[in-house]
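> Have a look at this one before I ask anything.
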Amino acid sequence: MKKAQTIFEQGSHRWIAISRDPERAGHVIDTNEYLIVHDGDAILTDPGGTEIFPAVFAAISATFDTSRISRVFASHQDPDVISSLALWLHFNPQIKCHLSWLWQTFIPHFGGAEDTFCPIPDEGRMLHVGGAELAAVPAHYLHSSGNFHLYDPEARLLFSGDVGAALLPATSGLFVTDFDSHIRHAEGFHRRWMGSNEAKLAWCEHVSALQIELLCPQHGAIYRGKDVARFIQWFAELEVGKLRSAA
Ligand SMILES: [Fe+2]
Ligand SMILES: [Fe+2]
């Protein structure tokens with residue numbers, strides 16, 4: 001089963017990471033889901049795939065009343081991000097899904113009625129959880145053409161979707177402890193899955209201006225403190241989206 005761990009808490013404001021299922025089938029990529037709670041309201045990002053829905057649901061249930069999850073946020077369209085949508089809607093048909101406007105006619109193939117979807121314009125927008133505000137930060141072409149991250153100024157936390165992802169052994173901890181050895185597990189992923197150096201540099205410039213204590217990717221481990229700036233610098237310098245000769 002996955003485990004739910006509180007990674008930020010101040011008053012009624014909380015981020016809970018759902019991660020690391022030791023019983024996960026090896027052919028399914030490992031994912032992190034995050035539940036943001038404020039004043040009893042909650043939004044879940046990225047909810048994950050159909051295959052892992054029972055593990056995510058059980059892990060959240062152990063710490064939070066799942067019937068209070070009123071919305072999900074999909075950073076992009078991938079199956080590991082949002083293919084569980086129909087199962088969440090089966091549990092609660094009132095759940096709304098925030099997503100890029102670009103995917104608003106594609107993601108309904110995973111389920112949902114017309115009024116399920118709340119499209120986000122390219123420039124982003126603020127989302128409310130209870131009395132708190134989160135910013136949907138544009139991250140287009142990293143790696144999806146319609147892609148958003150979530151910034152929480154109160155928690156100084158950036159949910160960064162596939163940016164920052166690392167393919168780690170199942171026994172790895174939730175936080176990066178040795179940046180140099182960790183980043184070796186991230187390099188191949190970023191070179192292949194990030195398609196645009198121009199978009200990458202724009203993102204690095206934008207997020208460098210934000211105060212970020214925790215950078216939380218959808219796969220792998222969370223960057224804390226100084227490792228956040230180290231990651232942004234590393235990513236800025238990495239050449240991505242290049243076809244490589246087989247020779
Ligand atoms: Fe993805
Ligand atoms: Fe992913």
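The values are calculated or read from the model by the stated rules, or taken from the named source; none is laboratory data. As the structure is a computational prediction, the values presented were derived from the model and not from experiment. Calculation scope for accessible area: heavy atoms of the full protein, side chains included, ligands and nucleic acids excluded. Shrake-Rupley method; radii C 1.70, N 1.55, O 1.52, S 1.80 Å.
> Counting alpha carbon pairs within less than 8 Å and at least 6 residues apart, what relative contact order, in whole percent, applies to the range 46-110? Don't skip to the end; give the middle numbers.
Working: 74 pairs, mean separation 26.2, N = 65.
This gives 40 percent for the range 46-110.
> Could you check how much of the accessible area of the chain is carbon and sulfur, as a whole percent, using a 1.4 Å probe?
With neighbouring chains kept in place, the figure for the chain is 53 percent.
> Roll a 1.4 Å probe over the protein chains and send me the accessible area per residue for the range 1-143 in Å².
Working: 6080 Å² over 143 residues.
Counting only protein heavy atoms, the per-residue value for the range 1-143 is 43 Å².
> Now, a different point. Can you list residues from other chains, or at least 5 along the same chain, whose modelled amide H is less than 5 Å from the amide H of residue 97?
For residue 97, the qualifying residues are 72, 117, 118.
> Taking the 0 to 90 degree range and rounding to the nearest ten, how far is the long axis of helix 179-193 tilted relative to the main principal axis of the chain, both from C-alpha atoms?
80 degrees
> Shifting gears a bit: How long are the three semi-axes of the equivalent ellipsoid of the range 1-95, in whole Å, if each is the root of 5 times an eigenvalue of the C-alpha gyration tensor, listed from largest down? Kindly include the intermediate steps, with their values, before the conclusion.
Working: eigenvalues 80, 49, 26 Å².
Semi-axes, largest first: 20, 16, 12 Å.
> Comparing 85, 215, 102, which has the greatest mean-square fluctuation in the GNM of the chain with Cα pairs linked when under 10 Å apart?
Per the Cα network of the chain with a 10 Å cutoff, 102 tops the list.
> Compute the Kirkwood hydrodynamic radius of the range 67-206, taking the inverse of the mean of 1/r over all pairs of distinct Cα atoms, and give it in Å to one decimal.
Working: mean 1/r = 0.0612 Å⁻¹.
Computed over the range 67-206, the radius equals 16.3 Å.
> A further question follows. Please report, to one decimal in angstroms, the Kirkwood hydrodynamic radius of the chain built from all distinct Cα-Cα pairs.
Numbers: mean 1/r = 0.0555 Å⁻¹.
Value: 18.0 Å, from the Cα pair sum.
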